[in-house]
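Heads up, the thing below is written out as structure tokens.
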Amino acid sequence: WGVASQTGKPVREDLRTKKCSLPIVLAFARAPAAQREQLCALYRQPAPLDEPTMAALAALLDQLAVRAEGERLMRAHYATALAALDEARPRAPAAALLRALAELLLTREA
């Protein structure tokens, strides 16, 4: 979903190379049987995947609301990390740096 100028790699590159990324794992976990079979058939093709195959995969990811689920998980892990940081009570300079790092990871584009 990234923009090539921000991520430094072509759009859908993870799909092209069949990277086992969170969106793909979520898609397989969320898909009902018929869509899971479609995912399997598309992912069985040898890498690098062609444009029509990547478009079909992207459409399935959209149908399965994988992006929204990934963003929900990201926010949940962020909240958990901040709660753990609060509980650990690191000293001021370290606490600020760790909070900044968590914020950066949450909002990064590349």
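The values are calculated or read from the model by the stated rules, or taken from the named source; none is laboratory data. Everything numeric here is computed off the predicted structure, so don't read it as measured data. Positions of Cβ are backbone-derived with ideal geometry, glycine not excepted, and every protein chain shown enters the neighbour counts. What goes into the accessible areas is simple: the full protein's heavy atoms, side chains included, and nothing from ligands, DNA or RNA. Shrake-Rupley method; radii C 1.70, N 1.55, O 1.52, S 1.80 Å.
Shape index of the range 1-109: Rg/Rh, with Rg the Cα radius of gyration and Rh the Kirkwood radius from the inverse mean 1/r over Cα pairs, equals 1.10.
Rounded to the nearest 20 debye, the dipole magnitude of the range 24-73 is 200 debye, with +1 charges on Lys and Arg beta carbons, -1 on Asp and Glu beta carbons, and the Cα centre as origin.
Along the range 23-32 the Karplus relation, 6.51 cos²θ - 1.76 cosθ + 1.60 evaluated at θ = phi - 60°, assigns HN-Hα couplings of x, 5, 4, 4, 4, 5, 6, 8, 6, x Hz to successive residues, with x for each Gly and Pro. For the chain, the relative contact order comes to 31 percent (Cα pairs under 8 Å, sequence separation of at least 6).
Of T17, T80, T53, the residue with the greatest mean-square motion in the GNM of the chain, using alpha carbon springs below 10 Å, is T80. A helix-only calculation puts the chain at -22500 deg cm²/dmol for mean residue ellipticity at 222 nm, using -39500 (n - 2.57) for each DSSP H run of at least four residues, averaged over all residues.
Computed with a 1.4 Å probe over protein heavy atoms only, the accessible surface of the chain comes to 67 Å² per residue. Under a model in which nothing but the beta-carbon of Lys, Arg (+1) and Asp, Glu (-1) is charged, the range 1-87 shows a dipole of about 200 debye around its Cα centre. FRET efficiency for the A59 to A88 pair, using the beta carbon distance and R₀ = 35 Å, is estimated at 0.20.
In terms of the mean number of neighbouring beta-carbon atoms within 10 Å, the peptides 25-31, 68-74 order highest first as 25-31, 68-74. Of the solvent-accessible surface of the range 1-77, computed with a 1.4 Å probe and all protein chains present, 59% belongs to carbon and sulfur. Ordering A55, A34, A83 by Cα displacement along the dipole of the range 26-92 toward the positive end leaves A83 in first place; charges were set at the Cβ atoms of Lys, Arg (+1) and Asp, Glu (-1).
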